[in-house]
Amino acid sequence: MPFLTQLADVARRTGGPVTEVAGWKTRGHGPQPEVQGIVCHHTAGPAGGGDYPSLAVVRDGRPGLDGPLSHFGLGRSGRIYVIAAGRCWHNAPSTSPRHDNSSSIGIEAENNGVQPWPTAQIEAYIRLCAELCREFGLPASRVKAHREVNTAKPDPHSLDMNDFRASVAAIIKGDPDPSWTENIVKNLPLIRLGDDNFDVKTVRGCLFARGHVPPAAYAGVQDGLEGWLKSTRCDTALVELVRGFQRAEGLDEDGFVGPKTWPSLLRV
């Protein structure tokens with residue numbers, strides 16, 4: 001099999017934003033011998049610092065391991081970064097002959113290993129895996145977490161891979177409503193000043209993923225960005241960030257996260 005120069009086209013079929021990293025079509029440790037599986041990773045990169053701060057490491061490698069380390073990067077916003085078309089050092093030793101470096105495609109999603117997953121990022125993760133399965137004629141069962149095919153690895157953290165694969169399978173099958181976000185958004189509550197619940201954390205994560213949380217918002221918070229993202233309290237500062245997001249999206253600037261604001265936050 002030659003270098004996989006169709007990967008950017010496959011990524012665009014997800015309908016989400018795509019960045020082609022310069023030189024990707026000839027980047028790799030030689031051509032990709034075959035594609036028999038897909039391996040899902042998290043970067044274990046920095047907690048903050050933009051959409052995909054791990055790009056340089058995934059592209060160029062780290063001490064003791066030359067890049068590229070994965071074919072795709074996946075930003076917090078759901079943006080797909082096409083990094084390499086050839087073989088990548090993303091899973092060795094592998095417990096599966098269909099998921100080693102010579103037989104599988106790797107996806108490195110930005111996450112420090114404990115952060116909540118932004119909904120847009122998971123949505124893009126599922127859709128990218130589905131389109132790769134379609135492109136290479138793979139069943140959803142060939143999509144594996146790194147931890148499932150390498151006993152020394154923990155990633156991607158906290159994702160239920162059975163649910164993940166079920167969502168991938170639904171898209172491959174062509175079900176009219178494969179998106180789990182479209183189902184859950186109908187039952188999300190109204191978030192307003194003074195609320196204290198885990199749905200507030202979802203609002204915080206989405207605002208951050210959309211680029212609407214400046215460093216000043218968490219500069220004085222204990223544990224910085226991580227502490228800010230974990231807060232379940234809807235305070236006046238969060239309401240102002242919501243208003244800024246609503247203004248940018250052309251929505252009523254009421255500071256409430258309800259039926260008109262949730263879909264924009266979740267990109268449903």
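What follows draws every value from the coordinates through simple rules; no lab data is involved. Remember, predicted model here, so these are calculated numbers, not experimental data. When we count neighbours, we look across all protein chains shown, and the Cβ atoms used for this are built from the backbone with ideal geometry, even at glycine.
Please report the base-10 log of the normalised intensity I(q)/I(0) for the stretch 35-132, using a Debye sum with one equal scatterer per alpha carbon and no solvent, at each q in 0.22, 0.24 (1/Å).
Ignoring solvent entirely, the Cα scatterers give -1.15, -1.32.
Using only the alpha carbons of the chain, what is the convex hull's orientation-averaged projected area in square nanometres?
Result: a mean projected hull area of 14.2 nm².
For Ala109, enumerate residues with amide H under 5 Å from its amide H, sequence gap 5+ or separate chain, H modeled in the peptide plane.
His41, His42, Thr43, Leu74
Quick one: Debye curve from the alpha-carbon atoms of the stretch 116-268 only, equal weights, vacuum; give me log10 I(q)/I(0) at q = 0.09, 0.12, 0.16, 0.17 Å⁻¹ to two decimals.
Each listed q maps to, in turn, -0.35, -0.61, -0.94, -1.01.
When Lys and Arg each count +1 and Asp and Glu each count -1, what net charge do the other residues less than 10 Å away from Lys201, Cβ to Cβ, add up to?
Here the charged neighbours net out to +2.
If amide hydrogens are placed 1.01 Å from N in the peptide plane, which non-local residues have theirs closer than 5 Å to the one on Val18?
Placed amide hydrogens put Ile80 under 5 Å from Val18.
Summing Lys, Arg as +1 and Asp, Glu as -1, what charge do residues with Cβ under 11 Å from the Cβ of Val35 carry, Val35 excluded?
+1
Mind checking which lysines have their C-alpha under 23 Å from Lys260, skipping anything on the same chain fewer than 8 residues away?
Straight-distance partners of Lys260: Lys186, Lys201.
Divide by every residue of the chain the summed helix terms, -39500 (n - 2.57) for each DSSP H run of at least 4, and state the resulting mean residue ellipticity at 222 nm, rounded to the nearest 500 deg cm²/dmol.
-9500 deg cm²/dmol
Taking the stretch 185-266, how much of its Cα-Cα pair set, in percent, is spaced more than 17 angstrom apart?
Taking all Cα-Cα pairs of the stretch 185-266, the fraction more than 17 Å apart is 39 percent.
Who wins for biggest fluctuation among Gly50, Gly30, Gly220 in a Gaussian network model of the chain, springs between alpha carbons below 10 Å?
Gly220
Can you check what the net charge comes to around Ala11, using other residues whose Cβ is under 11 Å from the Cβ of Ala11 (Lys, Arg +1; Asp, Glu -1)?
Neighbour charge sum, excluding Ala11 itself: 0.
With the chain treated as a Gaussian network of Cα nodes joined by springs under 10 Å, which of Gly250, Gly37, Gly48 yields the largest mean-square fluctuation?
Gly250
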